[in-house]
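Structure first, commentary second.
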Amino acid sequence: MVKHSSRIELKQSAYKNNVNFIRKKIGEHPILSAVVKANAYGHGIEAFVPMAEKCGVKHFSVASAFEAEEVLAVCKPDTEIMIMGIIYKEDIAWAVEHNISFFVYNYDRLDAACQAAKEVGKAAKVHIEVETGANRTGMQASEFPKAITFLKKHKEFVEFEGLCTHYAGAESITNYLRIQDQIKLIDVYSKQFEAAGLVPKYKHTACSAALISYPETQMDMVRVGILLYGYWPSKETFIFHQRNTKKGLERAKDPLKRVIRWASKVMSTKDVPMGEFIGYGTSYQAAKNMRIATVPVGYAYGFARSLSNQGRVIIRGKRVAVIGTINMNLLVVDITEIKGVEKGDEVVLIGREGKVQITVASFGELSNQLNYELLSRLPFDIPRIVNS
Ligand SMILES: *Cc1c(COP(=O)(O)O)cnc(C)c1O
């Protein structure tokens, strides 16, 4: 098979480390649902899901039925899948058939779930997502009485598997009061359902930031994305964790390990005399006689154009600068100071080589993109390789 111009390596031991870290934070009780939306935050569902299963994960959350289908294609038969976002009415029967649970945020969806369940001959597993203040999706309180009546009446076909909500920015202290209001409301609402005799199997609200900064949000299940991939949702969340950790080394150390490493190879090298412009246009002019290397990765392959003249990569254990504009399929780096770089040398775009590391965070800060965005934009077709 013809090779892609870069490869993404996933490190199983790093993921296991992160799973263990979360488990220590949440204790025995809550289900750990690994959030694998957006192609497992760019890590690649196909390679990632079986690897996560080997680390003990038995529950995955996705944003759409389409992503659920991708997980289903590679997961073990008894693994649970939950759709937190979009599922079209015509796909509900498919979800029921495959035991895939889904969020319900509109009353009319209950009826559709019930119809589909009858068609398939098996109960639909629904998670009622309630509006607590994020003002995105979420069932309005005014619809609860109807929903409660419906759920009681159609128990046989609609299983009340979850009651849930999502916080509006638990990673930032700016949102502290808003999150507090949401935490109070989910309690009021769950009591309202319970008073009517409806107890969900799982009550769940926490994402990565919430489970760290608001441990009371952990409840029966946590939906964890970014932490499991080895990144903090924000600096604040890391600081909050540190304040709750013993002083000294343990406090200073980052307990998370990055799972991803993204690498390519030098395509060609050449000398450029002082005064010449490099690449398209005039954004970079050689201020000295230089030696450059080209790397066959550009913005079409997930290396943001905003990293033009800004990004860094690692070659031969040294950090080198991206010069000129990032092209669609190519970037140029300055190797003047590194001896002996040759065509075929490894180029690390994200990750570690020896003692030097390019973190997504530093890459992300440079380009004003969050870890979340940068990772999730890594293209689907770059091959993923799992290492122990
Ligand atoms: C993405 C998402 C999560 C996980 O968020 P992280 O910050 O990556 O842990 C949890 N719940 C919902 C509803 C989400 O959309």
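Structure data summary
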quantity: Residues (among the aliphatic types (A, V, I, L, M) and open to solvent by less than 20 Å² (accessible area, probe 1.4 Å)) located in region 293-308; calculated: Ala293, Val295, Val297, Ala304, Leu307
quantity: Region 237-285, subset more than 25 Å from Glu346 (Cβ to Cβ) and small (Gly, Ala, Ser), residue farthest from the chain's Cα centre (by Cα); calculated: Gly275
quantity: Selection from region 248-292 of residues that are among the small types (Gly, Ala, Ser) and either under 30 Å from Val19 (Cα atoms) or surrounded by 11 or more Cβ atoms within 10 Å (Cβ to Cβ) (or both); calculated: Gly248, Ala252, Ala263, Ser264, Ser268, Gly279, Ser283, Ala286
quantity: Qualifying residue in region 222-235 (condition: assigned to a loop (DSSP other than H, G, I, E, B), in the same structural domain as Met82 (by TED's automatic domain parsing) and more than 30 Å from Asn387 (Cβ to Cβ)); calculated: no
quantity: Residues that are away from the ligand (no atom under 12 Å from the Cβ), within 23 Å of Pro233 (Cβ to Cβ) and part of a loop (DSSP other than H, G, I, E, B), drawn from region 173-218; calculated: Tyr214, Gln218
quantity: Residues of region 221-239 satisfying the condition of being farther than 28 Å from Glu9 by Cα, surrounded by fewer than 23 Cβ atoms within 10 Å (Cβ to Cβ) and within 14 Å of the ligand (Cβ to nearest atom); calculated: Glu236
quantity: Failed criterion for Leu32 (all others in (1) in contact with a Cys (Cβ under 9 Å, 6 or more places away or on another chain); (2) within 16 Å of the ligand (Cβ to nearest atom) hold); calculated: (1)
quantity: Complete set of residues in region 309-331 that are more than 18 Å from Arg261 (Cβ to Cβ) and open to solvent by 20 Å² or more (accessible area, probe 1.4 Å); calculated: Asn309, Gln310, Ala321, Thr325, Asn327, Met328, Asn329, Leu330
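Conditions tested, residue by residue: (1) at pLDDT below 95; (2) over 26 Å from the mean Cα position of the chain (by Cα).
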site: Ser306; (1), (2): yes, no
site: Val333; (1), (2): no, yes
site: Glu337; (1), (2): no, yes
site: Gly344; (1), (2): no, yes
site: Arg352; (1), (2): yes, no
site: Ser362; (1), (2): yes, no
site: Leu370; (1), (2): yes, no
site: Asp381; (1), (2): yes, no
site: Ile385; (1), (2): no, no
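Every residue, every condition in (1) open to solvent by 40 Å² or more (accessible area, probe 1.4 Å); (2) closer than 30 Å to Phe48 by Cβ, yes or no:
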residue	(1), (2)
Lys76	yes, yes
Ile92	no, yes
Val96	no, yes
Leu110	no, no
Glu119	yes, no
Ala123	no, yes
Gly133	no, no
Met139	no, no
Ile148	no, no
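The values are calculated or read from the model by the stated rules, or taken from the named source; none is laboratory data. Since the structure is predicted, the reported quantities are computational estimates derived from the model, not experimental observations. Note: ideal-geometry Cβ built from the backbone for every residue, glycine included; neighbour counts use all protein chains shown. Each accessible area value is taken on the protein alone, full model and side chains, heavy atoms only, with ligands, DNA and RNA left out. Shrake-Rupley method; radii C 1.70, N 1.55, O 1.52, S 1.80 Å.
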